[in-house]
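Heads up: the structure comes next, in structure tokens.
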Amino acid sequence: MPLHRLTRPLLNWRVQVHREQPLVPCYRGAGGAREQLMSIGPLNGLPAQHAFQANSVAQQNSLLRLSTGKKINRGADDPAGLISSEALSQALAALDAESRAAERNTSVANTADAALGEISDQMIEKEALDVAAANTGGLSDAERDAIQLEMDSISQSIDRTARSAEFNGQNLLDGSMEIPLEGGGHTIDAVSADTSVSELNEIRGSLGAFTRNGLESRQRSLDAETVNTAAARSQLLDTDYAEEAATLVRASILQQSSASAIRSYTDAQRQAILGLLDTTG
């Protein structure tokens, strides 16, 4: 096509300014009877481009949540949820520390109870020998001396057991061991060979009641509180894989639709420009 045939009609173009479409070239034919208005401005494709970008971001966010297993990967994801989850994390740390302390105290009580049980068996045996020694009829001096030696041996064994009853280097049965507990702890009374069976039973019973009603009860309460707190934190932080997978599929479909719309718009623009050039021929 000769250059003058292409350039001469273009001198008749004028530019109209609109609010939505700022660039609208208008072509006037040579006779002025036919007017063709055709928009070739870039703004017509912006909605599709914005949708494509938004769905790309949504797809990337879904992939991140699926890969990390967390709904909140940065503060901007959910500022309020992040603050709440951090508070719950601190509460869980405190509960874990208290739970470990409660388990330790329960171990102390169980160790002391085992030592008291062993001493109780020895005291029962000693008491039986004492009763036998009291019935002197028919016993020779040698037999009575043998009984006394055995009783002395048991007394020494009781004292030895009481001295060796330790937890982490601290004696449990010398009267210095206090097991702490919120609302009131428990001190284990001193035990020796001079302690009577009834006194020992009272010491052991008191420790057992404290263990069951105090330590173990508190441990169960801590376990329940830990489970509930962890569940609340999980609800805030952990990814719902079924929901997130559906979100990913939806974002992918919408992204493909946006890409298709952009291609269609681009093709239409190309055809419009080619058609406009053809009219100048």
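The values are calculated or read from the model by the stated rules, or taken from the named source; none is laboratory data. All figures in this text were calculated on a predicted structure; none of them were measured in a lab. All Cβ positions, glycine included, derive from the backbone under ideal geometry; neighbour counts span all protein chains shown.
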Test: residue in region 215-227 that is closer than 27 Å to Ile158 by Cβ and touching a Leu at 6+ places or on another chain (Cβ under 8 Å)
yes
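Just to check your reading of the model, which residue among Ala146, Ala93, Ala165, Ala97 is in the same structural domain as Phe210 (by TED's automatic domain parsing) and either touching a strand residue (DSSP E or B) at 6+ places or on another chain (Cβ under 8 Å) or of a type in the set (Asp, Glu) (or both)? Show your work before the answer.
Numbers: Ala146 fails: either touching a strand residue (DSSP E or B) at 6+ places or on another chain (Cβ under 8 Å) or of a type in the set (Asp, Glu) (or both); Ala93 fails: either touching a strand residue (DSSP E or B) at 6+ places or on another chain (Cβ under 8 Å) or of a type in the set (Asp, Glu) (or both); Ala97 fails: either touching a strand residue (DSSP E or B) at 6+ places or on another chain (Cβ under 8 Å) or of a type in the set (Asp, Glu) (or both).
Answer to the check: Ala165.
Residues are listed down the side, and each one gets a yes or a no for (1) among the polar types (S, T, N, Q); (2) at pLDDT 95 or above; (3) not in a helix (DSSP H, G or I):
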| site | (1), (2), (3) |
| --- | --- |
| Gly81 | no, no, no |
| Asn110 | yes, yes, no |
| Asp113 | no, yes, no |
| Val131 | no, no, no |
| Thr136 | yes, no, yes |
Which numbered condition trips up Leu173, out of (1) in a helix (DSSP H, G or I); (2) in contact with an Asp or Glu (Cβ under 9 Å, 6 or more places away or on another chain)?
(1)
Among Asp159, Asp223, Asp189, which is the only one that is in contact with a Ser or Thr (Cβ under 9 Å, 6 or more places away or on another chain), of a type in the set (D, E, K, R) and assigned to a loop (DSSP other than H, G, I, E, B)?
Asp189
Filter region 192-213 down to residues that are outside any helix (DSSP H, G or I) and among the small types (Gly, Ala, Ser), then give me how many there are.
3
Residues to consider are Glu216, Glu182; find the one that is touching a residue at least 24 places away in the same chain (Cβ under 8 Å), over 30 Å from Leu129 (Cα atoms) and assigned to a loop (DSSP other than H, G, I, E, B).
Glu182
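Residues checked against (1) modelled with pLDDT under 80; (2) over 33 Å from the mean Cα position of the chain (by Cα); (3) within 30 Å of Leu64 (Cα to Cα); (4) basic (Lys, Arg):
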site: Asn171; (1), (2), (3), (4): no, yes, no, no
site: Glu178; (1), (2), (3), (4): no, yes, no, no
site: Gly185; (1), (2), (3), (4): no, no, no, no
site: Asp189; (1), (2), (3), (4): no, yes, no, no
site: Leu277; (1), (2), (3), (4): yes, yes, no, no
Under the condition of being among the polar types (S, T, N, Q) and buried (at least 17 other Cβ atoms within 10 Å of the Cβ), which residue from region 195-218 is nearest to Ser85 (Cα to Cα)?
Thr211
When you look at Ala261, is it at pLDDT below 90, surrounded by 12 or more Cβ atoms within 10 Å (Cβ to Cβ) and more than 41 Å from the chain's Cα centre (by Cα), yes or no?
yes
